[in-house]
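The structure appears below as structure tokens.
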Amino acid sequence: MLDTSMVMRSKPQKLDFANANIQGLDLSGQDLSGANFNNAQAGLSKFGKIGLWLVIFILGLLAGLVSGYSGAFISNLLFDQDANLFFGVAALIILLFCLAVTLLQGLGLTLVVIAEAIVAVLIAIMAIVPDASVHLATDAQFTVLAIASSMAGVINTSIATALARAIKLVFPRTLILIVVSIGISFGVLFGVREIWGYPIAAFVGVSSTTIGGYVGWWSMAGVRRYRVIRFLAQVLITKAATSFRGADLTAADFSNATLSNVDLRAATLTRTNWFMAKGLESARLENTYLENPRVQNLVRTKNGQNQQFDYLNLRGLHLEDANLEGASFIGADLSGSTLRRANLSGAKLAKTQLHEVDLTSACLTGAVIESWGISSNTRLDHINCDFIYTRLPTQDNLDPHRKPDNKNEQFRPGDFSDFVAPFLKTLDLYQTQYIDIRAIGRQFRTLDFFHHESIDPTAIAIAFQQLAAKNPEANLELLTLQGRSQERVRLQAKIAEGSDPDQLAAEYFENYNNVQSLTRNARQALLRSIEEKDSRIRSLEKLLENALAQPKYYVQTYTEGDYTMTENKGNINVSDVGGNVSGVAAAKDLAMTGVAMGEISGTVTNTINQLADALEPEKPGLKELLSQLQAAIEAEAELTDDDKVEALEQVKLLAEVGRQPQDNALQKAAKTSIKILRGTAASLPDAAQLVEACAELLPAIATLLALT
């Protein structure tokens, strides 16, 4: 066994347990961040297994004994001349009914049924035979005792079977059968008074223990209605198994480790590596993301290809090198996770929260990134991406806004990073004007032109002007000009809905190539003729020349109409990319993403105002309750701005549920929002006004949204 003294330091520094035997070791509450448990053997110690074998033997023997005795009680009530036949028949019927309910509904409901049935029998006896003798009362007691003993046999057998399966005894059912049969035999032999009672007693004993064995076996297979037995078995097992309860396992490596029956309750599992770990299905996982079987399978296999994880809490997962091709993460929260080199090609990342996620060298080809939530600490270095989609396809719009717009083109290395980089340079503007970034993206569609090497600013300016002149219905307007020295230039333009971006992109580059093929004199003549019609052509040419002259990035942003934007010039670190101006990005971190208090407050107000007013002025409806909650959050002095934004996001989601009450996915997300708001209130001092407001408003809101 491993020397336990090595883990009792005040703060272990990346301990190495690789290939170690840590069975039975108590690591509760330890700081094991970064520890290496690769191929370690955790779980029950040898002495723990011996102790559980003894428990299984005692439980099995006791189960058979009480089951046999309960059968003897019933047989005596049926065949003993001094007993009342009514009690024997009633006991047998009630017992068979209870066993059937146990099999079909589980033990929780069974205990209720037993109690109610016994009470009903006793009341009936008192009503039918008010002058019952002492002997009759004794028969009633034996009836109750027989039913209770039989159910005790069911429970003991189920726990013994669950334990035997959990610790992987050889031939567990055969061993349980032998031990239980011995107990039944003793119970029947010592309890039956009449010879005709042996078959009935044996039948009752065998029926009870058989049902118990079935329940115990399938409880460890995860059948929900038998979860009480699984819980009791796990409580016994984890007392003698390795315990990580409450430990900090951040970035720990459990790849290929054996973790049967370990205790991981309330442990910190941020970016913990579970690849090919064995035995997690039998571990205690309360208050961890591993409670969800889908999440557990995902982190263990790192294979989520074509699977659905919509609206799940996936915070802090270790999915490095994972195959997530075609997976759906719509509305899911992956914040703090590791997705280095993950294959996310074709994945649906719409409204997915990716704050502080490491996507270095991940593949995003064909991914849908509509309103995805990235922040400046989302790592997007060396992204592999040929093309992406900025909208989810719908029945009315099967074209999900591909980028690059020309379907015959693909991103070159670095284009994807350049595509999202300008977002950071416009955040201050959004912040001061309280503009919803995602709302801007829904106002118009964008067209992007990427140029690489040997860039000709004059040809670009002419090609762009020609495209606008030949396609007036497209309402082509320049939004963003971005350059990286002589390496790359990107133009982003606004186009009218209904325009064909593929056709426009192809026409633009045809124009560009034609202009480039002209002689210098012919090109200048063409430029002068265009300048007479459009004086802006020289300005665009000059801007392009400035972009090419910058050492790193040059971004100049335009927008006309409702959103007036100023120039933004300077360097951008691609590692700190936050999104893009076409509405692809949704921000969460205020300091890094620009979603200011004013912006989110305005968005929440607009969403709430779309709800119907209360029918009765003296009885507030959902609109009024959410407005009160919003005001309480914004006025709470004990909350930081970050916490207020998070809380207001939850209020906004509740308002969206009010607008779409039939959306099951939103309903599930709303339940999580209620929990988050309650947790936010619980973290405040009792005297805080928001605590009182949440206690009053949240139950009423949950009731109106049918979340209770």
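How far apart, in nanometres, would the label points at ALA506 and ARG227 be if each is projected 7 angstrom from Cα along the Cα-to-Cβ direction?
5.6
Rounded if a/c is under 1.5, else prolate if a/b beats b/c, else oblate: with a ≥ b ≥ c from the C-alpha gyration tensor eigenvalues square-rooted, which is region 596-704?
Rounded is the answer for region 596-704, as its axis ratio a/c remains below 1.5.
Taking H as built 1.01 Å from N, whose amide H comes closer than 5 Å to the amide H of PHE411, not counting residues under 5 places away?
Long-range HN contacts for PHE411: PHE387.
Applying 1/(1 + (r/R0)^6) with R0 = 51 Å to the Cβ-Cβ distance of ARG528 and ASP381, what FRET efficiency is obtained, to the nearest 0.05?
0.70
Distance cut-off 27 Å, Cα to Cα: go down the list LYS278/LYS675; LYS14/LYS278; LYS302/LYS652; LYS239/LYS278 and report the pairs above it.
Too far apart for the 27 Å limit: LYS278/LYS675; LYS302/LYS652.
So for each of 352-359, 156-163, 40-47 I average, over its residues, the number of other beta carbons within 10 Å; can you give me the resulting order with the highest mean first?
By packing density, highest mean first, the sequence is 156-163, 352-359, 40-47.
For LYS407 and ALA700, calculate 0.36 nm times their separation in residues minus their Cα-Cα distance, and state this gained length in nm to one decimal.
So the chain would gain 100.4 nm between LYS407 and ALA700.
Quick check on packing: order 650-657, 303-310 by the mean number of other C-beta atoms within 10 Å, highest mean leading.
Taking the mean over residues of other Cβ atoms within 10 Å, the ranking is 650-657, 303-310.
Shape of region 36-92 from its Cα gyration tensor (a ≥ b ≥ c, root eigenvalues): rounded if a/c is under 1.5, otherwise prolate when a/b > b/c, or oblate?
prolate
Take ASN521 and GLN628, extend 7 Å from each Cα along the Cα→Cβ direction, and tell me the distance between the two endpoints in nm.
8.3
Please sort 190-200, 378-388, 500-510 by packing, taking for each peptide the average over its residues of neighbouring beta carbons within 10 angstrom, highest first.
Going from most to least packed, we get 378-388, 500-510, 190-200.
If a/c stays under 1.5 just call it rounded; otherwise compare a/b with b/c (prolate if a/b is bigger, oblate if not). Do that for region 168-248, with a ≥ b ≥ c from the square roots of the Cα gyration tensor eigenvalues.
Verdict is prolate for region 168-248.
Take every Cα pair under 8 Å in region 296-387 that's 6+ residues apart, average their separations, divide by the length, and report that relative contact order as a whole percent.
22
Given an 8 Å cut-off on Cα distances and at least 6 residues of separation, report the relative contact order of region 596-704 as a percent.
It rounds to 29 percent for region 596-704.
Taking Cα centroids, how far is region 188-249 from region 305-359 in Å?
Rounded to whole Å, the Cα centres lie 40 Å apart.
Got a sec? How would ARG245, ARG659 order by Cβ neighbour count within 10 Å, fewest to most?
ARG659, ARG245
Residue by residue through region 626-643, which ³J(HN,Hα) values in whole Hz follow from phi under the Karplus form 6.51 cos²θ - 1.76 cosθ + 1.60 (θ = phi - 60°), with glycine and proline marked x?
In residue order, the calculated couplings are 5, 5, 5, 5, 4, 5, 5, 5, 5, 8, 6, 6, 7, 9, 6, 4, 4, 5 Hz.
Read-outs throughout are calculated quantities, based only on the coordinates presented, and are distinct from any laboratory measurement. Predicted model only: the values in this text are computed from it and were never measured. For neighbour counting, all protein chains shown are included, and Cβ atoms are generated from backbone atoms with ideal geometry for every residue, glycine included.
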